[in-house]
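The values are calculated or read from the model by the stated rules, or taken from the named source; none is laboratory data. Because the structure is predicted, anything quoted here is derived from the model rather than measured. Here the Cβ positions follow ideal geometry from the backbone for every residue, glycine too, while neighbour counts run over all protein chains shown.
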Amino acid sequence: MQFVKTGFIVIALLDGLKQKHAEHVFSYVDSEGCTLNLDELISSQPKGTHVYVCGPKPMIDAVIDCCNKHRYRDEYIHWEQFASTVPEDGEAFTVVLAKSNQEIEVQSNQTILQAIETLNIDVECLCREGVCGTCETAILEGEADHLDHYLSDAEKASQKSMMICVSRAKGKKTSIRSLIYLFGRSIA
Ligand code: FES
């Protein structure tokens, strides 16, 4: 099993897997300078190997492309993408970027991430589907309508952070602050 994670590693999950299957679990964490060489991995497998991949769409696409490049048969490639539950049209609301005290209107057909990006603010985000956790952002005031697949139910209930690529505000106004110390990001 190859476990790839960018940003926050899911420590509990990975530790559990390693405890039970240490010799079969390999982890790659970008923030620790350890990245998976997909081409090397796929090309070095014995003939007849089945490949199973789940996660964000860009990663799934990369694995399938690599398998195709190395002539894996279609029936040997298995994948599952976490479906986004983002509603087509949510309610508009206001987000306050706490560090700069800047207010942003998030339109009904926009995510918080998209609204922030219109200001040319660079936000770290890998999947944009609420799966990878890289856009996790602290909630200082208000509550989120959590639509991601990353946070546990308990974490969602605690309303301490949210995935701004998919989740929305429950009320008309929510104040958020980048988890800049955790992720080294530079959003306002
Ligand atoms: S970018 Fe992956 S959870 Fe938001």
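Annotation: G33 fulfils all but one of (1) modelled with pLDDT of 80 or more; (2) out of contact with any Gly (no Cβ under 9 Å at 6 or more places or on another chain); the unmet one is (1).
Scanning region 111-126 for residues that are without any contact (Cβ under 8 Å) to a residue 60 or more places away in the chain and charged (D, E, K, R) gives a single hit, E117.
Restricted to region 126-157, and to residues there that are small (G, A, S), more than 6 Å from the ligand (Cβ to nearest atom) and in a loop (DSSP other than H, G, I, E, B), the residue that is surrounded by the most Cβ atoms within 10 Å (Cβ to Cβ) is G142. When we screen I112, I60 for residues that are modelled with pLDDT of 90 or more, within 16 Å of the ligand (Cβ to nearest atom) and either crowded, with 19+ Cβ neighbours inside 10 Å or not aromatic (F, W, Y) (or both), the only hit is I112.
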